[in-house]
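Every read-out reported here was derived from the displayed coordinates using simple, explicitly stated rules and does not represent laboratory data. From a predicted model like this one, the values you see are computed outputs, not experimental measurements. Backbone-built Cβ (ideal geometry, glycine too); neighbour counts: all protein chains shown.
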Amino acid sequence: MIISDDNNKNNNHKGASNGAPKCKSQDLETKELEFDKTYEKNIRPKTFDEYIGQSALKETLKITIEASKKRNIPLDHLLFYGPPGLGKTTLAGVIANEIGVNIKITSAPALERPRDIIGILMSLKGGEILFIDEIHRLNKVAEEILYPAMEDFFIDLTTGKSQSVKTMRVPVPKFTLIGATTKAGALSGPLRDRFGIIHRLEFYTIDELAQVIKRSAKILNIKIDDNGAKEIASRSRATPRIANRLIKRTADYALVKYDGKITQKIAKEALDSLCIDNLGLDNTDRALLELIIKNYDGGPVGVETLSVALGEDIRTIEDVYEPFLLQKGLLARTNRGRRATKLAYQHLGIKYLDQNGQIGLFD
Ligand SMILES: Nc1ncnc2c1ncn2[C@@H]1O[C@H](COP(=O)(O)OP(=O)(O)O)[C@@H](O)[C@H]1O
Ligand SMILES: [Mg+2]
């Protein structure tokens, strides 16, 4: 996640032992959005072969697809969850493409009124896929309309007012719902139960991300060598969306400052200039850890407090920043709040004092 550093102008990262550059803030966000629009469509994988990683999930899906073809029934409803940028939307598109059906894409906040969800269900054709992003944000009414549609392919329409209300049972075409969410835990039980397959998307390995990067580079006509791809991969927060953003930024840098080809040295320089350190942390990640360490003695501290201090909303902290910091073992979640781990101290080059005020050894 590359974001503007406006919120932490006053943070310098002195003493960082990680090679994190002391870099100035820049407004990266607007540029990123432009990039997303222009390139995202071209580099989005369309087949299982192009879709890198997530091999366990891909295997499960291939078998399910095959079985539903043999039985001549629509695919079970699927729920994908995991942090943003790991490929949930992309995978839904791949599935539709592999089955050879149309996909209608919407998101829960767009389904506010009953008629929104009814309209979209009625407009589906047999076998089609309905993709609902951020499905944990679906409201109760929409959910209740969805239950019988998912289970038995009908909806109950009510007509008339107060005393003369009539309910009509209307069939909807057999469809497959694919839901995506960053928060599986926020889904209601009854909704969750109606999915045949619930699967978490995993963070990507460096090798997988290097493949993503090389594939995108080819499509975008960017020259990059293996070590250049690995360097970007290792700083991409284990997330393909970020890898794709960084490759474009690095390519721009290589073109302006060098001959255009991305090598490890150039990738390092470019990413340093974007304030992305050797673990892939950006200024906000580091500011979050530093805040816990310097202002709260390493924690625990509540996410609400962090949110106010950083000027980031709670959801962004929980969905975007924390999963990767947790995965890297830099942050720990306790029932009293967030705690910076020894590793976080080490990464930021800050001395870790144990409970007795002794300098703790890093292990
Ligand atoms: N498995 C993958 N292989 C190659 N590229 C991927 C993969 N998953 C995601 N991407 C790339 O990352 C970007 C973000 O993926 P997306 O599906 O939008 O993530 P999510 O819906 O989980 O937030 C896409 O544009 C796509 O090009
Ligand atoms: Mg998505």
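With 0.36 nm allotted per residue and the present C-alpha distance subtracted, the N278-S123 stretch has 50.9 nm of extension available. Once the Cα atoms are used to define both axes, helix 140-152 deviates from the longest principal axis of the chain by about 60 degrees.
Here the range 209-314 is treated as a sphere whose radius is the Kirkwood value from Cα pairs; by Stokes-Einstein at 10 °C and 1.306 mPa s it diffuses with a coefficient of 107 µm²/s.
Using the Stokes-Einstein relation with a Kirkwood hydrodynamic radius computed over Cα pairs, the translational diffusion coefficient of the range 121-166 at 4 °C and a viscosity of 1.567 mPa s comes to 104 µm²/s. Computed over the range 130-254, relative contact order equals 21 percent, with contacts defined as Cα pairs under 8 Å that lie 6+ residues apart.
Taking other Cβ atoms within 10 Å as a rough exposure proxy, R115, R286 sort from fewest to most as R115, R286.
The ranking of V94, V308, V303 by Cβ neighbour count inside 10 Å, starting from the fewest, reads V308, V303, V94. Taking the range 121-144 and a reference point 7 angstrom along Cα→Cβ of A186, the backbone N atoms nearer than 20 Å belong to 131-144.
Residues of the range 115-140 falling in the label zone of T158, defined by backbone nitrogen less than 14 Å from a point 7 Å along Cα to beta-carbon, are 115, 140. Beta bridges per DSSP, both residues in the chain: antiparallel share near 40 percent.
Computed from Cα positions, the angle between helix 29-43 and the longest principal axis of the chain comes to roughly 60 degrees. Taking every Cα-Cα distance in the range 180-235 and sorting them into 10 Å bins starting at zero, the pair-distance distribution P(r) comes out as 21, 31, 18, 21, 9 percent. Its Kirkwood hydrodynamic radius, worked out from the mean inverse distance over all distinct Cα pairs, puts the chain at 22.7 Å. When R235, R336 are arranged by Cβ crowding within 10 Å, least crowded first, meaning fewest neighbours, the order is R336, R235. Between helix 206-220 and the chain there is an angle of about 80 degrees, using the helix long axis and the longest principal axis of the Cα atoms. Divide the volume of the convex hull around the Cα atoms of the range 261-360 by the residue count and you get 113 Å³ per residue. If R₀ is 22 angstrom, what is the calculated FRET efficiency for the pair K294 and T334, using the beta carbon separation as r and rounding to 0.05? Efficiency, rounded to the nearest 0.05: 0.70.
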